[in-house]
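S.K.: Sharing a structure, written as structure tokens. Questions coming.
Just so it is clear, none of the values below were taken in a lab; they were calculated from the coordinates. All figures in this text were calculated on a predicted structure; none of them were measured in a lab. Positions of Cβ are generated from backbone atoms using ideal geometry, with glycine treated the same way; all protein chains shown enter the neighbour counts.
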Amino acid sequence: MYNFNIMATKIAIIEDDVAISQMYRIKFEAEGFIVETADNGLTGLELIENIRPDIVLLDLMMPQMNGDVMLTELRKKDWGKNLKVIILTNMGEQEAPEIIKTLSVSAFIVKADMTPRQVAELVKKQLSL
């Protein structure tokens with residue numbers, strides 16, 4: 001049964017690993033979210049500008065534009081200043097670029113430490129759903 005609060009909620013998944021991206025797409029669509037994906041920070045920034053999601057799941061290590069650079073650019077835009085962003089990476093928090101700490105992320109998740117169900121629950125909590 002869908003949660004009708006979720007039905008119009010948009011998630012952008014910016015992840016270069018197609019298998020991981022699709023795994024999260026399937027999970028979130030099954031929960032009733034609208035999901036769009038991009039495989040690098042450059043197309044991710046364009047996607048976010050076009051769809052204006054409610055929350056972004058963002059990988060850090062990607063081709064063309066890393067997640068930290070994309071997030072820096074996103075935060076420069078009026079509409080992107082307060083957008084909820086969850087870092088979803090295999091990089092440990094200590095290994096992440098220092099700038100991530102200054103860019104107001106909602107959460108930092110190491111992919112290997114959480115199941116898609118746990119990530120979905122965290123997203124719902126961040127969005128108060």
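S.K.: Net charge near residue 55, counting Lys/Arg +1 and Asp/Glu -1 over other residues with Cβ under 12 Å of its Cβ?
M.R.: Local net charge: +3.
S.K.: Take residue 82 and residue 115, extend 7 Å from each Cα along the Cα→Cβ direction, and tell me the distance between the two endpoints in nm.
M.R.: 3.5
S.K.: May I pose another question? Ordered by packing density, taken as the mean number of other Cβ atoms within 10 Å over each peptide's residues, highest first, how do 10-18, 61-69, 73-81 rank?
M.R.: Ranking the peptides 10-18, 61-69, 73-81 by packing returns 10-18, 61-69, 73-81.
S.K.: Give, as a single signed number, the net charge of other residues whose beta carbon lies under 14 Å from the beta carbon of residue 78, with Lys and Arg counted +1 and Asp and Glu -1.
M.R.: Net charge around residue 78: +3.
S.K.: Treat the count of other C-beta atoms within 10 Å as a stand-in for reagent exposure and order 108, 28, 33 from fewest to most.
M.R.: 108, 28, 33
S.K.: Two decimals is fine: what's Rg over Rh for the chain, C-alpha atoms, Kirkwood radius as Rh?
M.R.: For the chain, the value is 0.93.
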